[in-house]
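Read-outs: derived from the displayed coordinates by stated rules, not from any lab. Because the structure is a prediction, the values reported are computed rather than measured. For neighbour counting, all protein chains shown are included, and Cβ atoms are generated from backbone atoms with ideal geometry for every residue, glycine included.
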Amino acid sequence: MNLSPLQKARYEYTPKLPGMLRNGIADICVKEGAPTQSVADQEQIKALFPNTYGKKEVTFEKGQNTSVAKKQIVGVILSGGQAPGGHNVICGLYDALKATNKDNVLIGFKGGPSGLIDDKYIIFEDAFINEYRNTGGFDIIGSGRTKLETEEQFAVVTDVCKKHGVTAIVIIGGDDSNTNAAVLAEYMAAHDTGVQVIGCPKTIDGDLKNDDIECSFGFDTATKTYSELIGNIERDANSAKKYWHFVKVMGRSASHVALECALETQPNICLIGEEVAEKKMSLSQIADQIVDSVVKRSETAGNFGVAIIPEGIVEFVPEFSMLIKEINELLAGENTAKFNALESWEEKYDFIKKGLSQEALAVFDVLPHAIQLQLFLERDPHGNVQVSLIESEKLFSEMVKEKLAKLTAEGKYKGKFSAQHHFFGYEGRCAFPSNFDADYCYSLGYNAFMLIQYGYTGYLSKVSNLSKPAEEWVAGGMPISKMFNMERRNGKDKPVIRKALVELDGKPFKYFEAHREAWAVETAYTYPGAIQYYGPAEVCDLTTRTLALEKG
């Protein structure tokens with residue numbers, strides 16, 4: 001295998017563990033806290049999870065290990081989109097398992113949850129796993145988005161576990177994946193299979209977060225990667241002084257990624273979807289906010305700037321949400337085929353005009369033609385508009401361009417406006433993990449095995465106090481059911497992990513809010529540069545600005 005110098009060096013990096021996990025498995029004891037309850041809908045959640053609900057939070061401390069010694073055969077899967085550090089979760093799990101008993105076995109099920117169903121697997125050994133230490137991606141066993149949620153699926157998984165003698169399953173995933181982990185844990189407990197289920201919190205989006213989970217893994221690396229690129233663009237913009245760069249960043253519905261990148265790079269504009277929803281801002285009002293910056297900067301700094309757009313921004317605009325809802329209803333059932341059969345845009349527009357309310361049509365008519373077309377592109381499996389495919393960075397730059405043209409005609413704007421567009425998403429999902437994510441993920445995996453060894457199931461591997469040096473991190477676990485509330489999904493009430501949105505009264509947003517007016521006019525760019533792996537801890541082990549501000 002041909003390796004880059006960085007690959008070779010990263011293989012040799014030794015991740016840092018929390019202090020209480022550093023002295024060996026034999027010197028780790030468990031301390032149980034108070035019983036827990038779900039964040040909402042307690043009676044409904046309790047009824048759905050009678051065997052795993054209300055369990056106690058646990059913390060690992062230095063002390064004599066009192067767990068029952070037995071051979072462990074653990075299965076592990078990667079579920080959902082990639083996030084930097086996933087390989088290290090597996091490496092930490094493997095190392096803890098082997099440190100406890102060299103005869104313990106770790107089985108990697110390939111391609112995500114479907115690997116558990118189809119019985120496609122690999123048995124990990126030292127030589128193989130050593131090739132993936134501290135590296136990005138999920139290519140060690142691949143990932144997938146199959147949901148484990150039916151009795152039939154659980155029965156198949158049970159048979160696969162019985163075939164291999166599996167004693168525990170670790171599911172590394174986001175909110176939906178860990179919801180499935182909790183449901184699977186309940187099934188395994190109810191049917192007395194003896195199989196434990198542990199989850200690990202993964203997502204670059206930052207929306208798997210609460211009082212217990214300070215940060216999902218991958219968020220640190222992804223935002224540092226995007227911030228490096230945005231910083232490069234800011235430097236270019238300040239050099240050429242002739243472009244406005246509209247940068248959309250991944251993050252699903254929440255704006256955590258956009259906010260963190262703004263805190264790292266201090267752009268002229270950063271939209272926060274949660275604020276848009278709170279203030280019930282229209283598309284036109286959002287565009288006006290950008291226009292105001294463009295006009296003021298043209299009079300001082302020049303005809304250039306940088307705007308960060310969160311991926312899910314349009315979902316937060318009330319009028320746009322109304323339009324999407326009406327389009328979904330308009331093209332339901334047979335109407336999709338009728339619409340697609342129309343040949344010209346004029347015919348299609350007439351069809352749309354007749355089917356939408358006057359309010360929705362007014363919003364539709366404001367949109368640039370390219371965005372209008374995107375609303376009728378490929379639809380999701382439920383027949384709905386795929387909002388993530390809408391090029392919102394182009395939507396707002398076009399609206400800004402049109403508003404500036406009017407101001408020019410009125411003699412109120414004498415500058416020039418030329419836009420460049422970028423979308424940063426996949427660039428950050430498989431990057432070499434930062435030291436923080438390498439350490440955090442290894443600790444999550446190591447800690448997951450401790451939960452298994454002490455007999456816990458339906459728990460999430462939890463490492464906290466993350467704004468401090470790794471030595472001071474606290475390892476433990478929490479029942480996944482603690483994060484549940486009931487939500488309506490496909491016409492049914494289902495238990496799901498509540499997504500965490502940007503808190504408008506939180507310290508990260510308040511810091512941004514206090515500075516953005518100056519950033520909008522001034523050229524206050526900061527340039528984070530590439531992720532640093534070797535050097536002073538204050539450079540290499542930095543946590544996110546979000547976490548630093550939250551934990552103070």
Legend entry - Percentage of interatomic Cα-Cα distances in the range 215-367 larger than 28 Å: 38
Inset, instruction - Calculate for the chain the 222 nm mean residue ellipticity that helices alone would give, adding -39,500 (n - 2.57) per DSSP H run of length 4 or more and normalising by residue count, nearest 500 deg cm²/dmol. - result: -13000 deg cm²/dmol
Legend entry - All aspartates and glutamates inside 14 Å of Lys492 as judged from Cα atoms, apart from same-chain residues fewer than 8 positions distant: Glu149
Legend entry - For the range 43-137, alpha-carbon Rg relative to the globular expectation (2.2 N^0.38 Å, N residues): 1.32
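How fast does the range 417-504 diffuse by Stokes-Einstein, in µm²/s, taking the Kirkwood radius from C-alpha pairs at 25 °C and 0.890 mPa s?
148
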Inset, instruction - Kindly state, to the nearest 0.05, the FRET efficiency for Asn335 paired with Ser284, given R0 = 25 Å and r defined as their beta-carbon distance. - result: 0.30
Legend entry - Value of relative contact order over the chain, rounded to a whole percent, pairs C-alpha under 8 Å and six or more apart: 24
Inset, instruction - With the Cα gyration tensor of the chain in hand, give its eigenvalues times 5 under a square root as the equivalent ellipsoid semi-axes, listed largest first in whole angstrom. - result: 43, 29, 20
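If the chain between Ser67 and Thr150 were fully stretched, how many nm would it gain, using 0.36 nm times the residue separation less the Cα-Cα distance? Don't skip to the end; give the middle numbers.
Values: separation 83, 0.36 × 83 = 29.88 nm, distance 3.26 nm.
Result: 26.6 nm gained on full extension.
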Inset, instruction - State, to one decimal in nm, how far the label point of Lys163 lies from the label point of Asn2, with both points 7 Å from Cα in the Cβ direction. - result: 3.9
Legend entry - Radius ratio Rg over Rh of the range 312-441, counting only Cα atoms, Kirkwood formula for Rh: 1.09
Legend entry - Candidate aspartates and glutamates for bridging to Lys510, where Cα separation is under 15 Å - those fewer than 8 sequence places away on the same chain excluded: Glu260, Glu264, Glu274, Glu275, Glu278, Glu550
Legend entry - When each of Lys110/Lys507; Lys98/Lys468; Lys209/Lys248 is checked by Cα-Cα distance, pairs over 30 Å: Lys110/Lys507
Inset, instruction - For the range 364-437, run through the GluC sites (Glu not before Pro) and keep only the ones in DSSP coil with at most 13 other Cβ atoms within 10 Å of their Cβ. - result: Glu378, Glu410
Legend entry - Gain upon complete extension [Lys494, Val539; 0.36 nm per residue less C-alpha separation]: 11.8 nm
Inset, instruction - Hand me the GluC sites (Glu not before Pro) from the range 197-272 located in a DSSP loop with no more than 15 other Cβ atoms within 10 Å, in residue order please. - result: none
Inset, instruction - At most 10 other Cβ atoms within 10 Å and a DSSP loop assignment: could you name the GluC sites (Glu not before Pro) in the range 1-73 that fit? - result: Glu12
Inset, instruction - Please list, in chain and number order, the residues 5+ apart from Asn101 or on another chain whose amide H is under 5 Å from its amide H, with Hs placed from the backbone. - result: none
Legend entry - In Hz, Karplus ³J(HN,Hα) per residue of the range 492-505 (6.51, -1.76, 1.60; θ = phi - 60°; x = Gly, Pro): 10, 7, 10, x, 9, 6, 5, 6, 9, 9, 4, 8, 6, 9
Inset, instruction - Using Cα pairs closer than 8 Å and at least 6 residues apart in sequence, work out the relative contact order for the range 14-73, in percent. - result: 46
Legend entry - Paramagnetic reach from Ala370 (point 7 Å along Cα→Cβ, amide N under 16 Å) across the range 388-403: 389-403
Legend entry - Under 16 Å from Lys403, Cα to Cα: aspartates and glutamates that are on another chain or at least 8 residues apart: Asp288, Asp292, Asp365, Glu393
Inset, instruction - Could you list which residues have their amide H under 5 Å from that of Tyr243, counting only those 5 or more apart in sequence or on another chain, with H placed in the peptide plane? - result: Gly305
Legend entry - Phi-based couplings in Hz for the range 463-479 (Karplus 6.51, -1.76, 1.60; Gly and Pro marked x): 10, 10, 6, 6, 7, 9, x, 3, 3, 9, 5, 10, 9, x, x, 9, x
